[in-house]
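The structure under discussion appears below in the form of structure tokens.
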Amino acid sequence: MDIERAVERIKATVGPNGWIADPDEQEPYLTEARRLYRGATRLVVRPASTAEVAAVVRICAEAVLPIVPQGGNTGLVGGGVPPEDGHNIVLALGRMNRIRAIDPVNFTMTVEAGCILAQLQQAASEVDRLFPLSLGAEGSCQIGGNLSTNAGGIAVLRYGNARELTLGLEVVLPDGQVWDALRGLRKDNTGYDLKQLFIGGEGTLGIITAATVKLFPKPCEVETALLGLARVEDVMELFARARAATADQLTAFELIPRAALDLALVHVPGTIDPLPARHPWYVLLELSSSQTESGIRGLLERLLETALDEELIANGVIAESGAQAKELWRIREAIVEAQNYSGSIKHDVSVPVSRVAEFIIRATAGVRQRLPAIRPMAFGHVGDGNIHFNLTQPERADTAAYLARWQEFNDIVHGVVRDLGGSISAEHGVGRMKCQEITHYKSPVEIELMRRVKCALDPANIMNPGKVVSPQEGSPDETGDGSRGWLD
Ligand code: FAD
Ligand code: ZN
């Protein structure tokens, strides 16, 4: 089918409120949070129902017109941004934002892909349940995007990532068929678990239009502490003790280095220095319980007293109110924001939890050997083994010249990750940014299996081409452009 005709048919299918052709109105759909990639498109399509998505996909399949699914467009690897050639449609799910059902007895809710994450947290809370997925972009990212990237965030330690929170999916396949698997079952061993292909699939195998996700008992007691430590090895020793002593009540364990706090104190107004003295490392720790009079406050105090006596921690503060807890979490957000003010070479990596300290020590030594004045900012969700190992440029260095060395530092850091049995993308995905890079870190067998899955489900390669995996070995790869971002 002629492309012009396909575009006209798509417009007729979704109606006047379902498409955007005006270049100014298209703009927010063509670039992303880091302003690293900027693409072009024939049409931004905003369908209102699964039936409309299916009809649009059937037209694209017939015309062999590529589709770029897009949720809240907060992704950090360029996965939702269309390619520069403009030969595609952007399929934005934002109008599909209904909560179809909440079942407090089954502890599930069934929601459409375009629901904003924060709205789902709120909806769960209104029926006295918890939807635990939580991340910095929760005010604008969508559940369809969260599932497609298998998002992580701050509560993975206790509740798992998006994959572990999903029981069922509804997916529009690349040929336009609708696969309805919105099952709310915790047990279902009837063959391959196909939904796992689409979770973390980054829109390359189909379009998630709805999901049935797990809910949990809502915590009613939460304790938050910020602790200062001398050595990174002590951080992980503290983690092990806290986890063992509090079982499932440890819900967050975030690492903050002093260097990142110093940047935040300079750049982000309202940031507080939480403890009287300076410490090389800080841990933001949260315990929560859905029981009243759970005793978690006492548990936390005893844990910290012992850690102080044994000099595992140097000092610490326990929040006395919800407002103070928010202030402590604000520090965690501010350290990310502060890194936007200088050149920053990013790594989102994971290693086994037992090797986090070793990773930080080795990777820091490796990059300092190459550039002594580099400023490593190792922070993040270390309780689940995820380190955001960002490298801030030396003071007064030329930003462009520094960022031109992105690959050189990736190689050093990812080399340590490989040695320790880790992953070069812990939670942000592959997208465009790491499409080439993963081919160096996954085995040829694994890459070949990914290609076979891609070719089996999407033989015409119309679903988000150029992202995650190329269908053929050595096929021209538009992602190998070496461009990198400097915002987090
Ligand atoms: P988009 O960016 O729109 O899309 C992401 C990918 O999914 C693209 O490949 C797109 O094609 C595909 N996609 C989107 N919707 C669908 C669909 N319905 N069907 C099929 N494919 C689809 N991520 C974390 O994991 N943990 C964090 O802690 C975290 N913190 C962040 C903090 C900030 C300030 C920002 C800006 C980002 C953060 N992220 C984090 C990254 C980002 O928010 C997540 O990747 C999020 O899950 C993306 O959701 P989205 O709706 O914005 O998806
Ligand atoms: Zn993160």
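The values are calculated or read from the model by the stated rules, or taken from the named source; none is laboratory data. Just so you know, these numbers come straight off a predicted model, no measurement behind them. Neighbour counts run over all protein chains shown; Cβ positions are idealised from the backbone, glycine included. Just so you know, the surface numbers come from the protein's heavy atoms only, side chains and all, with ligands and any DNA or RNA stripped out. Shrake-Rupley method; radii C 1.70, N 1.55, O 1.52, S 1.80 Å.
What spacing in nm lies between the two simple spin-label points modelled at Arg231 and Val178, each 7 Å away from Cα in the Cβ direction?
6.0 nm
If you roll a 1.4 Å probe over the chain with all protein chains in place, what percent of the accessible area is carbon or sulfur?
Values: 10330 of 20370 Å².
Here carbon and sulfur together make up 51 percent of the probe-accessible area.
Taking Rh as the Kirkwood radius computed over C-alpha pairs, what is the Stokes-Einstein D of the chain at 37 °C in a medium of viscosity 0.692 mPa s, expressed in µm² per second?
On the way: Rh = 23.6 Å.
This corresponds to a translational diffusion coefficient of 139 µm²/s.
With a probe of 1.4 Å, find how much accessible area the chain has per residue, and write the answer as a whole number in Å².
Values: 20370 Å² over 488 residues.
Heavy-atom accessible area per residue stands at 42 Å².
Is region 230-328 rounded, prolate or oblate when judged by the Cα gyration tensor, a ≥ b ≥ c being the square roots of its eigenvalues, rounded requiring a/c under 1.5 and prolate requiring a/b larger than b/c? It would help to have the intermediate numbers written out before the result.
Values: a/c = 2.04, a/b = 1.35, b/c = 1.51.
Oblate.
Return a whole-number percent for the relative contact order of the chain, with Cα pairs under 8 Å and 6 or more residues apart as the contact set.
Details: 1011 pairs, mean separation 74.8, N = 488.
Answer for the chain is 15 percent.
For the full complex of protein chains and a 1.4 angstrom probe, list Ser148, Ser321 by accessible area with the highest value first. Write out the running numbers ahead of the final one.
On the way: Ser148 25, Ser321 60 Å².
Output order, biggest surface exposure first: Ser321, Ser148.
Using a simple spin-label model with points 7 Å from Cα along the Cα→Cβ vector, what separation in nm is obtained for Lys218 and Ala259?
4.2 nm
So if each residue of separation counts as 0.36 nm, and I subtract the Cα-Cα distance between Gln291 and Ala404, what length gain in nm does that give? List each step's numbers first, then the result.
Values: separation 113, 0.36 × 113 = 40.68 nm, distance 5.24 nm.
Taking 0.36 nm per residue and subtracting the Cα distance, the gain is 35.4 nm.
Can you compute the helix-only [θ] at 222 nm over the chain? Use -39500 (n - 2.57) per DSSP H run of at least 4 residues, normalise by all residues, nearest 500 deg cm²/dmol. Before the final figure, lay out each step's value.
Working: 16 runs with 167 residues, N = 488.
Helices in the chain give a 222 nm mean residue ellipticity of -10000 deg cm²/dmol.
Under 1.5 on a/c is rounded, so check that first for region 54-142, then, if it is not, pick prolate when a/b is larger than b/c and oblate when it is not; a ≥ b ≥ c are the square roots of the alpha carbon gyration tensor eigenvalues.
Values: a/c = 3.89, a/b = 1.86, b/c = 2.10.
Note, shape of region 54-142 comes out oblate.
What does the charge count around Glu358 come to, taking other residues whose C-beta lies under 12 Å from its C-beta (Lys +1, Arg +1, Asp -1, Glu -1)? All intermediate terms of the calculation are to be shown ahead of the outcome.
Numbers: positive: Arg355, Arg362; negative: Glu233, Asp419.
In short, 0.
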